[in-house]
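Undergrad: Dropping the structure in here first, questions after.
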Amino acid sequence: MREIFCAQAFRQRCVETEVALAGAEADLGIIPTDAARQIAQAAETYSFDEERLARETEIVGYPILPIVEQLADAAGEAGRYLHWGATTQDIMDTATVLQVRAGLDLIERQLGDAMDALRMLAETHRDTPMAGRTHLQHALPITFGYKAAVWLSALARHAQRLRELRPRVLVVEFSGASGTLASLGHQGLGVQAGLARALGLGVPTITWHSTRDAMTEAVQLLALISGSLAKLAFDISIMMTTELGEVSEPYVRHRGASSTMPQKRNPVSCELIIAAARMVRQHAGLMLDAMVHDFERATGPWHLEWAAVPEAFGLTSGALRQATFMLGGLEVHAGRMRANLDVSRGLIVAEAVMMALAPITGRQTAHDLVYAGCRRAVERDTSLFEALSEMPEVAAPLGLERLGELTDPANYLGSAARMVDRVLAGDVDTHPESQAASSPGP
């Protein structure tokens, strides 16, 4: 990702845009065909004077004029036709779009790798019971495969968002000084379309020099992806605590080690993912600020993108790399999950007993009876089964065998396994219209 967004790559994208522009204009007879050819040859062979480029960029405030001056000199007589009808932001915005396209390609591949790792966890542990937790306390039983499938479902939606984003952000910017293409007369839109075609980009309906919603949306998507990765990293870091010990990051000698405590195995990937997500979130906010441009060319907000866009891509790429490594080699301690599930000695499935008793006694009465049984189990430090078996109003209507089944957490997993299967089959609410069509009416 650093290679995609480095200064040299940006300059090359600017040169690529200038060459494509010359070609598009030559096709329409605006500049000589030989001039476009000579400009392309100069771009292939010329080596920029880096020191001069840096010095002049600092003076001008933008790199395009210094790039054009050197490239025009290298192209000889044809150099007079370079940058014909363009403005600085045309070239820089289009170069950035080309970088964003390559960045999105990499993000998409990395997102797919992380999703593959989650699919494997969801499938392997579809039926591995563990405690579900709300407010950091036992709630009801779930499976680890269910938890992994929940994480996966978010990434699947981000993959769809990425596909939907492309047509909005991957469009050329070529509009001239005030955005009207006045310098090219009636041929302006034709040049714009030719440039877009040469670069493999879309054509915008109107100039976007000062309307930055699409570029901002790209960074918001990166923040969403990073946020979902941070959620699963936060879960895993807590599950790695000594007291829970339900999972471990992949073992690599000295990874997560302490300089003084030999027993430590810290959640290194989790920490990096969470930190990256917080930084991307800051860039997402910065991009929202950068949307507020004055008139047809802004006095500063555009510059915020120069930091926010490449850094957000780099951080998200790094977070995805860490997530794929961590999830791909995650050590799942199913025995510890079961031990933690049993730590409340059946209290975690008090709802199961209540729902089985409710048709007999009524829901509120069933709730009160099981609530009393829970308090008795806590006070006497005994299991829920033992407490309820001593209560005739519960034990008699249900029977001890049924009561034993109801107080086994592994028997109260609801539709967790079927939900995992739906996610693995690709049915993750990514097509709301089909969901609506198949849903019963009110």
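Undergrad: Relative to the compact-globule scaling 2.2 N^0.38 Å, provide the ratio for the alpha-carbon radius of gyration of segment 86-173. List each step's numbers first, then the result.
TA: Values: Rg = 19.6 Å, N = 88, 2.2 N^0.38 = 12.1 Å.
In units of the globular-protein estimate, segment 86-173 measures up at 1.62.
Undergrad: May I pose another question? When ligands, DNA and RNA are left out and all protein chains stay put, how many square angstrom of accessible area per residue does the chain have with a 1.4 Å probe? It would help to have the intermediate numbers written out before the result.
TA: Numbers: 21760 Å² over 442 residues.
Result: 49 Å² of accessible area for each residue.
Undergrad: Treat the chain as a sphere of radius equal to its Kirkwood radius over Cα pairs and apply Stokes-Einstein at 25 °C in a medium of 0.890 mPa s; give the translational diffusion coefficient in µm²/s, rounded to a whole number. Walk me through the numbers on the way to the answer.
TA: Numbers: Rh = 26.1 Å.
Value of D from the Cα-based Kirkwood radius: 94 µm²/s.
Undergrad: Please work out how much accessible surface Trp208 shows to a 1.4 Å probe, ignoring ligands, DNA and RNA, in Å² rounded to 10.
TA: Per-residue accessible area (Trp208): approximately 30 Å².
Undergrad: Which FRET efficiency value, to the nearest 0.05, do you get for Glu331 and Leu136 by plugging their Cβ-Cβ distance into 1/(1 + (r/R0)^6) with R0 = 35 Å?
TA: My answer for the efficiency is 0.95.
Undergrad: Could I ask something else about it? Pop out the carbon and sulfur fraction of the accessible area of the chain as a percent, whole number, probe 1.4 Å.
TA: Carbon-and-sulfur percentage of accessible area, whole number: 54.
Undergrad: Would you calculate the volume per residue, in Å³, of the smallest convex hull containing every Cα atom of segment 283-442? Mind showing how you got there, number by number?
TA: Working: hull volume 42.6 nm³, N = 160.
With only Cα atoms used, segment 283-442 gives 266 Å³ per residue.
Undergrad: With θ taken as phi - 60° and the coefficients 6.51, -1.76 and 1.60, list the Karplus ³J(HN,Hα) couplings across segment 299-311 in order, rounded to whole Hz; mark glycine and proline as x.
TA: Result, ordered by residue: 10, x, x, 4, 5, 4, 5, 4, 9, 5, 5, x, 5 Hz.
Undergrad: A further question follows. When only the heavy atoms of the protein chains count and the probe is 1.4 Å, how do Lys231, Lys147 rank by accessible area, highest first?
TA: Numbers: Lys231 100, Lys147 40 Å².
Putting Lys231, Lys147 in descending order of accessible area: Lys231, Lys147.
Undergrad: Take the alpha carbon atoms of segment 1-52, find their radius of gyration, then divide it by 2.2 N^0.38 Å using N residues; give the quotient.
TA: Compared with the compact-globule rule of thumb, segment 1-52 sits at 1.31.
Undergrad: Using a 1.4 Å probe and ignoring any ligands, DNA or RNA, find the accessible area of Ile238 and quote it in Å² to the nearest 10.
TA: 60
Undergrad: Semi-axes, largest first, in whole Å: what does sqrt of 5 times each Cα gyration tensor eigenvalue give for segment 202-245?
TA: 41, 7, 4
Undergrad: While we're here: Compute the distribution of all C-alpha to C-alpha distances in segment 272-354, in bins of 10 Å from 0, and list the percent of pairs in each, rounded to whole numbers.
TA: Percent of Cα pairs in each bin: 15, 24, 18, 17, 14, 8, 3.
Undergrad: Also, quick follow-up: Counting pairs of Cα atoms in segment 1-137, how many percent are more than 23 Å apart?
TA: Percentage above 23 Å: 50.
Undergrad: Here is a further query. Going by amide H atoms built from the backbone, whose H comes under 5 Å of the H on Val171, apart from near neighbours?
TA: The list, which skips near neighbours in sequence, is Gly202.
Undergrad: Related question: How far apart, in nanometres, would the label points at Ala410 and Arg363 be if each is projected 7 angstrom from Cα along the Cα-to-Cβ direction?
TA: Using points 7 Å along Cα→Cβ, the separation is 3.1 nm.
Undergrad: Something else now. Got a number for the accessible area of Phe10? Probe 1.4 Å, square angstrom, nearest 10.
TA: Surface accessible to solvent at Phe10 totals approximately 40 Å².
Undergrad: Kirkwood Rh, Cα Rg: Rg to Rh for segment 371-412?
TA: 0.95
Undergrad: Over 17 Å apart: what share of the alpha carbon pairs of segment 180-320 falls there, rounded to a whole percent?
TA: Values: 6925 of 9870 pairs.
Looking at segment 180-320, the distances longer than 17 Å represent 70 percent of pairs.
The values are calculated or read from the model by the stated rules, or taken from the named source; none is laboratory data. Fair warning: this is a prediction, and the values are worked out from it, not measured in the lab. Glycine also receives a Cβ, built like all others from the backbone with ideal geometry; neighbour counts cover every protein chain displayed. These area figures cover heavy atoms from the full protein model, side chains too; ligands, DNA and RNA do not enter into them. Shrake-Rupley method; radii C 1.70, N 1.55, O 1.52, S 1.80 Å.
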